[in-house]
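Have a look at the structure below before the remarks.
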Amino acid sequence: MKKTRQGKDRLVVLLGPTAVGKTALSIGLAQALRAEIISGDSMLVYRGFDVGTAKPTWEERGGIVHHLIDIRAPEEHYSVQEFQQEAGQLIHLLNEKGRLPLLVGGTGLYVQSLLEGYAFNAAGGDAAFRARLQAVADERGGDYIYALLREKDPVAASTIHPHNVRRVIRALEVASTGGESISRHRRGNLAYDVYVIGLARPRAELYARIDARVRAMAAQGLAAEVRGLLAAGVTPDMQPMQGIGYKEMAAYLAGRGTWEEALAAIARATRHFAKRQLTWFRRMGYIHWFDVSGKSEEKILNEILWNIRGFFR
């Protein structure tokens, strides 16, 4: 690998909404670039959460080394700060070894915090504050707590699902005890010598792919996976169980709603998530977008490789 420009580590990033086709393309890119993949997905860190996260299987990984997958137990918390630190260390290590890191993901806050060098405040934990907010949530509902966060820090609120009460409370805690939001702590210029790829498809096509993916997950045993997790002691309030597909399937297994209603709820939530992802990515003006609709994987791969090699020339 050539010496980095301006003393920055080199990095290629592959972004896009869920179901757009990142996984297959990432393998082709990694093989062509002799790269190692770093996951930028907040759900892939959890062991045992495979079907519902579309986690690439060993066969799908094509012999490419993948980092930041299966690194946490379900009961462990994983934060954007931890991702930023661990991914940053990997990027530097791979550059030192002469390998190109390829960051692949769809969690906008994770990737943006890394590329733009967010500096997080050092707000400590406040158990009493969290307990008070939890009591309010129990009495007045999660929507009330989420409304408080939207008023206090609308940027942070846009990154958190309203029903994830634990994360909403934590964001309020950070905003209150730290005095400032992480969203206001940026270094300005990008932290890496980076080429950022964004994959796009027409909305109707993307939504059709999402619907097909949900059906495929059902056929691959999503219900059995969730049933096994619950039997192993994973509780619905744990962070990964709040993920799309898991909370809906856990509700179905608890007797709330029919099978078709559960699948429809998963597809609907996934479509909303894809819309939020695209809204987030539009704020990242340095993304190079590629419309992959109607193109073969080979054509897409060659087009992107040509642009990457021109960028780093």
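The values are calculated or read from the model by the stated rules, or taken from the named source; none is laboratory data. Note that the structure is predicted; figures quoted are calculated from it, not measured. Because the Cβ atoms are built from the backbone with ideal geometry, glycine has one as well, and the counts that use them run over all protein chains shown.
Consider residue 111 carefully, then state whether it is assigned by TED's automatic domain parsing to the domain that holds residue 250 and either surrounded by 20 or more Cβ atoms within 10 Å (Cβ to Cβ) or within 19 Å of residue 190 (Cβ to Cβ) (or both). For residue 111, the condition - assigned by TED's automatic domain parsing to the domain that holds residue 250 and either surrounded by 20 or more Cβ atoms within 10 Å (Cβ to Cβ) or within 19 Å of residue 190 (Cβ to Cβ) (or both) - is met.
Here's the yes/no breakdown for (1) in a helix (DSSP H, G or I); (2) touching a strand residue (DSSP E or B) at 6+ places or on another chain (Cβ under 8 Å); (3) within 30 Å of residue 212 (Cβ to Cβ); (4) acidic (Asp, Glu):
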| position | (1), (2), (3), (4) |
| --- | --- |
| 51 | no, no, yes, no |
| 112 | yes, no, yes, no |
| 118 | no, no, no, no |
| 135 | yes, no, no, no |
| 138 | yes, no, no, yes |
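Taking the range 239-269 only, how many residues are surrounded by fewer than 19 Cβ atoms within 10 Å (Cβ to Cβ) and in a loop (DSSP other than H, G, I, E, B)? Number satisfying all stated conditions: 5. Looking at the structure I just gave you, is residue 186 surrounded by 13 or more Cβ atoms within 10 Å (Cβ to Cβ), modelled with pLDDT under 95 and in contact with an Asp or Glu (Cβ under 6 Å, 6 or more places away or on another chain)? It is true that residue 186 is surrounded by 13 or more Cβ atoms within 10 Å (Cβ to Cβ), modelled with pLDDT under 95 and in contact with an Asp or Glu (Cβ under 6 Å, 6 or more places away or on another chain). Of all residues assigned to the range 2-10, at least one qualifies as being closer than 18 Å to residue 198 by Cα, modelled with pLDDT of 95 or more and not in a loop (DSSP other than H, G, I, E, B). Screening residue 87 against (1) under 23 Å from residue 308 (Cα atoms); (2) part of a loop (DSSP other than H, G, I, E, B); (3) in contact with a strand residue (DSSP E or B) (Cβ under 9 Å, 6 or more places away or on another chain) leaves a single unmet condition, (2).
Within the option set 19, 24, 32, being assigned to a loop (DSSP other than H, G, I, E, B), touching a residue at least 60 places away in the same chain (Cβ under 8 Å) and of a type in the set (A, V, I, L, M, F, W, C) holds for one residue only, 19. Only one of the listed residues (24, 54) is at pLDDT below 95 and under 20 Å from residue 270 (Cβ atoms). That residue is 24.
Only residues that are over 19 Å from residue 20 (Cβ atoms) and small (Gly, Ala, Ser) were counted across the range 232-287, and they come to 11. For the range 65-78, the criterion of a residue being loosely packed, with under 14 Cβ neighbours inside 10 Å, assigned to a helix (DSSP H, G or I) and over 18 Å from the mean Cα position of the chain (by Cα) is satisfied by no position. Selection of the range 120-135 for residues being at pLDDT below 80 and surrounded by 14 or more Cβ atoms within 10 Å (Cβ to Cβ) yields 120, 121, 123, 126, 129, 130. Got at least one residue in the range 47-67 being among the hydrophobic types (A, V, I, L, M, F, W, C), closer than 20 Å to residue 115 by Cα and assigned by TED's automatic domain parsing to the domain that holds residue 233? There is no residue in the range 47-67 that is among the hydrophobic types (A, V, I, L, M, F, W, C), closer than 20 Å to residue 115 by Cα and assigned by TED's automatic domain parsing to the domain that holds residue 233.
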